[in-house]
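Asker: One structure, pasted below without further comment.
The values are calculated or read from the model by the stated rules, or taken from the named source; none is laboratory data. Keep in mind the model is a prediction, meaning the values are calculated, not measured. Backbone-built Cβ (ideal geometry, glycine too); neighbour counts: all protein chains shown. The accessibility values were calculated without ligands, DNA or RNA, using every heavy atom of the protein model including side chains. Shrake-Rupley method; radii C 1.70, N 1.55, O 1.52, S 1.80 Å.
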Amino acid sequence: MCLTEIIRTYTDRSKFWNLLLESTCFLEAHTTSDVAFGLKIVTTLGVKFATRSGGHQQNVGFSSIEDGVVLDLNRLNSSNLSKDHKTVRLGTGNRWGEVYKGLEKYGLAAVGGRSGDVGVGGLILGVEGIPFFSSKYGFACDNVQQFEVVLANSTVVKATSNSHPDLFRALKGGGPNYGIVTHFTLYTIPTNIWYHVAQYNESDYKQVLSAIVATQARMEDDSNAGILFSGSNGTMMVGLLYAEPTANPPVYSAFDSLKPVRTLAPPTIGTIPKLVDVFTANSPTARYLSFAISYETDLDLYKSAYGSFISRQHFTSPTKGALQYGIQTITKAAVQAGEKRGGNWLGMKPVSTNWWHVVAAWFDEKDDKAAHAASTGMVKNMTDLATDAGKYLDFQFQNDADVSQSPLKSYGEENFKKFAAVAASYDPQQVFQKLQNSGFKISTA
Ligand SMILES: Cc1cc2nc3c(=O)[nH]c(=O)nc-3n(C[C@H](O)[C@H](O)[C@H](O)COP(=O)(O)OP(=O)(O)OC[C@H]3O[C@@H](n4cnc5c(N)ncnc54)[C@H](O)[C@@H]3O)c2cc1C
């Protein structure tokens with residue numbers, strides 16, 4: 001067997017995002033055959049396991065386990081560009097920052113995460129990618145040409161739109177229910193873009209949100225345009241991000257009259273990895289909770305929700321942690337781009353949407369309860385406001401969702417049945433439902 005390291009207690013948490021549980025057994029796979037063999041051991045012994053690619057999942061226990069085996073895939077980190085440069089085959093253990101840097105010299109990138117530390121595998125299986133370029137390219141899962149998967153019985157299949165098409169579709173957003181994906185073949189995209197990332201004062205929130213909503217309307221006619229917004233602790237970060245190297249695109253003119261308090265990246269014709277460095281540097285590294293809901297774009301709703309966030313964000317002293325409020329703008333074109341690339345079963349309405357998320361980031365264990373209460377309180381408040389405004393949407397973005405949420409069910413009953421049927425057909429013994437420690441599983445949806 002080529003599983004080169006079996007460590008009784010794995011304690012190096014430094015390279016991972018969240019509190020990882022300490023496992024009793026740790027299997028580090030270097031090849032697809034290692035994964036197949038590791039899974040065979042697990043299923044033969046009937047022991048519980050967790051699969052880990054980047055280890056960046058915020059829900060404790062999704063990619064770690066105390067009494068069981070971790071199948072760690074971080075060494076599956078190859079990156080091979082095709083001869084025609086149209087696709088790149090990535091091992092699941094890559095992190096996006098490295099992927100982008102490796103492709104940059106060819107003038108290329110792929111649709112992946114905005115933070116360089118996030119792993120390839122978990123991100124793609126959870127739907128998204130760089131939300132700001134989804135109008136042009138669709139979601140990360142829509143950009144997969146082929147999934148190489150180790151099934152529950154340890155056979156290896158390559159799922160494409162023609163071969164195992166049901167599995168191919170189910171892996172687009174279906175989470176860890178079908179097998180262990182060892183390699184993803186993704187379509188490449190150009191790396192050259194334009195961006196401007198700035199911070200505004202929280203007291204200007206009404207003007208900033210007005211500019212975002214005005215831009216969202218214009219984005220419906222310009223698929224290169226995207227915006228990212230994150231507010232916390234008195235300031236609001238806004239990323240204006242354009243998928244072409246075009247200086248000062250007019251689609252963002254609503255921001256011309258606003259005065260930032262700090263510039264994180266001046267207007268720049270740059271590349272995706274340079275932009276990702278800006279976001280990675282400004283990512284929180286702490287105890288972490290994240291919840292996701294979605295609603296249709298509406299200025300009054302944006303303003304009332306942010307107003308209520310301002311009064312709720314501090315659950316401890318500002319230096320020890322706070323809530324963060326995220327807006328991820330999704331256009332009609334983003335949903336249609338996915339359909340053009342073979343479609344998915346995510347059940348998204350083709351309307352201008354905010355994939356809203358609230359994050360609690362803090363440092364001290366004694367603030368755990370307060371952080372949880374503040375974030376669930378904010379989610380309830382946001383849900384009520386969106387429902388009352390008639391703008392609430394069922395869709396929950398899996399990569400941002402909390403374990404208490406149910407993104408698979410949020411795709412709609414008919415779609416959920418399709419996801420469940422494919423899981424039953426490829427995993428009749430229910431290995432991924434019964435032996436897998438946690439995750440967004442069909443059996444617990
Ligand atoms: C600061 C920050 C920034 C983020 N930015 C983005 C972003 O821009 N876009 C976005 O979409 N998300 C983003 N996320 C969310 C992120 O995508 C998810 O946390 C994702 O699950 C992380 O992937 P990973 O491989 O690192 O995770 P892991 O912790 O390794 O795995 C996540 C889940 O997927 C399962 N899994 C992992 N690999 C495999 C595999 N090969 N086969 C089967 N199952 C597998 C695991 O068992 C687990 O359930 C961000 C998160 C943070 C904290």
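Asker: What is the dipole size for the stretch 331-443, taken about its Cα centre, with +1 at each Lys and Arg Cβ and -1 at each Asp and Glu Cβ, in debye to the nearest 20?
Answerer: 480 debye
Asker: Quick one: Debye curve from the alpha-carbon atoms of the chain only, equal weights, vacuum; give me log10 I(q)/I(0) at q = 0.07 Å⁻¹ to two decimals.
Answerer: Treating every Cα as an identical point scatterer, log10 I(q)/I(0) equals -0.32.
Asker: Tell me the Kirkwood radius of the stretch 79-190: reciprocal of the mean inverse pair distance over distinct alpha-carbon atoms, in Å.
Answerer: 13.8 Å
Asker: Which of ALA421, TYR195, GLY38 sits farthest toward the positive end of the charge dipole of the chain, with +1 on the Cβ of Lys and Arg and -1 on the Cβ of Asp and Glu?
Answerer: GLY38
Asker: Give the peptides 227-236, 48-57, 106-115 in descending order of average Cβ contacts within 10 Å, highest first.
Answerer: 48-57, 106-115, 227-236
Asker: Further question: What order, most packed first, do the peptides 173-179, 132-138 have when packing is the mean number of other Cβ atoms within 10 Å of each residue?
Answerer: In decreasing order of mean packing, 173-179, 132-138 become 173-179, 132-138.
Asker: For the stretch 173-269, which trypsin sites (Lys or Arg not before Pro) are in a loop by DSSP, counting at most 13 other Cβ atoms within 10 Å? Walk me through the numbers on the way to the answer.
Answerer: Working: sites: LYS206, ARG218, ARG262; in loops: none.
For trypsin sites (Lys or Arg not before Pro) across the stretch 173-269 that sit outside H, G, I, E and B with at most 13 neighbouring Cβ atoms in 10 Å, the list is empty.
Asker: Another question, then. Any chance you could give the angle, 0 to 90 degrees and rounded to 10, that helix 205-219 forms with the longest Cα principal axis of the chain?
Answerer: The helix 205-219 is inclined about 70 degrees to the chain.
Asker: Report the semi-axes of the equivalent ellipsoid for the stretch 210-365 in whole Å, largest first, where each axis is √(5λ) for an eigenvalue λ of the Cα gyration tensor.
Answerer: Taking √(5λ) for each Cα gyration eigenvalue gives 26, 20, 17 Å.
Asker: Taking the Cα centre of the stretch 297-351 as origin and charging only Cβ (+1 Lys, Arg; -1 Asp, Glu), how large is the dipole, in debye to the nearest 20?
Answerer: For the stretch 297-351, the charge dipole is close to 140 debye.
Asker: For the chain, with every protein chain kept in place, what is the accessible area per residue (1.4 Å probe, Å²)?
Answerer: 38 Å²
Asker: List the residues whose amide H sits under 5 Å from the amide H of GLN145, counting only those 5 or more places along or on another chain, with H placed 1.01 Å from N in the peptide plane.
Answerer: THR185, LEU186, TYR187
Asker: Let me have the relative contact order for the chain, percent, based on Cα pairs under 8 Å that are six or more residues apart. Don't jump to the answer; show the numbers that get you there.
Answerer: Values: 1055 pairs, mean separation 74.5, N = 445.
It rounds to 17 percent for the chain.
Asker: Before rounding to the nearest 500, sum -39500 (n - 2.57) across all DSSP H runs of length at least 4 in the chain and divide by the residue total; then give [θ] at 222 nm in deg cm²/dmol. Don't skip to the end; give the middle numbers.
Answerer: Numbers: 13 runs with 130 residues, N = 445.
Computed ellipticity for the chain at 222 nm equals -8500 deg cm²/dmol.
Asker: I need to check one value: relative contact order of the stretch 79-190, counting alpha carbon pairs closer than 8 Å and at least 6 residues apart, in percent. Provide the component values of the computation, followed by the final result.
Answerer: Details: 214 pairs, mean separation 35.3, N = 112.
Averaging sequence separation for qualifying contacts and normalising by length gives 32 percent for the stretch 79-190.
Asker: Relative to the longest principal Cα axis of the chain, at what angle does helix 368-388 sit, 0 to 90 degrees, rounded to 10?
Answerer: That works out to roughly 60 degrees.
Asker: Could you give the dipole magnitude of the stretch 46-146 about its Cα centre, charging the beta-carbon of Lys and Arg +1 and that of Asp and Glu -1, in debye to the nearest 20?
Answerer: Using only the charged Cβ atoms, the result is roughly 340 debye.
Asker: Tilt of helix 32-45 relative to the longest C-alpha principal axis of the chain, in degrees (0 to 90, nearest 10)?
Answerer: The answer is roughly 70 degrees.
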